[in-house]
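Novice: Below is a structure I'd like to ask you about.
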Amino acid sequence: MLGREVLLPASLIVAPPEENLPQSGYVQEFQDNLRQAHQQVRQALGTSAVAEKTYFDRRVKSYSFSVGQRVWLYWPRPLVRQKHRKLTHLWFGPWVITSFRSPI
């Protein structure tokens with residue numbers, strides 16, 4: 001929307017429009033239906049997100065590395081002058097872990 005990720009909700013960036021009272025019953029009913037549909041979609045997306053997270057958490061593996069351990073580095077390089085991707089080197093190493101900058 002703005003060319004970057006927005007960190008605040010839209011209601012905090014721009015004041016919400018003032019509510020005008022609808023002139024007819026149809027408009028009021030239509031607005032209520034839209035609000036109800038929006039709420040149902042938000043609820044369905046929330047339950048879907050929880051389900052996807054549980055599926056992801058089942059497949060994810062935790063790795064623990066230690067100082068002095070030898071590891072291979074996955075570093076795919078873009079194709080520059082090579083015609084075939086299968087000839088590119090994707091893994092480099094082995095490298096020795098000397099220190100950690102953060103616990104992550």
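Novice: At q = 0.18, 0.23 Å⁻¹, what log₁₀ I(q)/I(0) does a Debye calculation on the Cα points of segment 41-99 give, no solvent, two decimals?
Specialist: Calculated log10 I(q)/I(0) at the listed q: -0.80, -0.91.
Novice: Under a point spin-label approximation (7 Å from Cα along Cα-to-Cβ), what is the residue 85-residue 61 distance to one decimal in nm?
Specialist: 2.2 nm
Novice: Using the Karplus curve 6.51 cos²θ - 1.76 cosθ + 1.60 with θ = phi - 60°, work out ³J(HN,Hα) for each residue of segment 62-76 in order, rounded to whole Hz, and write x for Gly and Pro.
Specialist: 9, 10, 10, 10, 10, 5, x, 6, 9, 9, 9, 9, 8, 9, x
Novice: OK, next. Spin-label point model (7 Å from Cα, Cβ direction): what's the residue 36 to residue 24 distance in nm?
Specialist: 2.0 nm
Novice: Relative contact order for segment 44-94: what percent, with Cα pairs under 8 Å and sequence separation of 6 or more? Working shown, then result.
Specialist: Working: 27 pairs, mean separation 16.3, N = 51.
RCO, segment 44-94: 32 percent.
Taken together, the values in this text are just the output of simple stated rules run on the coordinates, not laboratory data. Since we're looking at a predicted model, the values are computed, not measured. Note: ideal-geometry Cβ built from the backbone for every residue, glycine included; neighbour counts use all protein chains shown.
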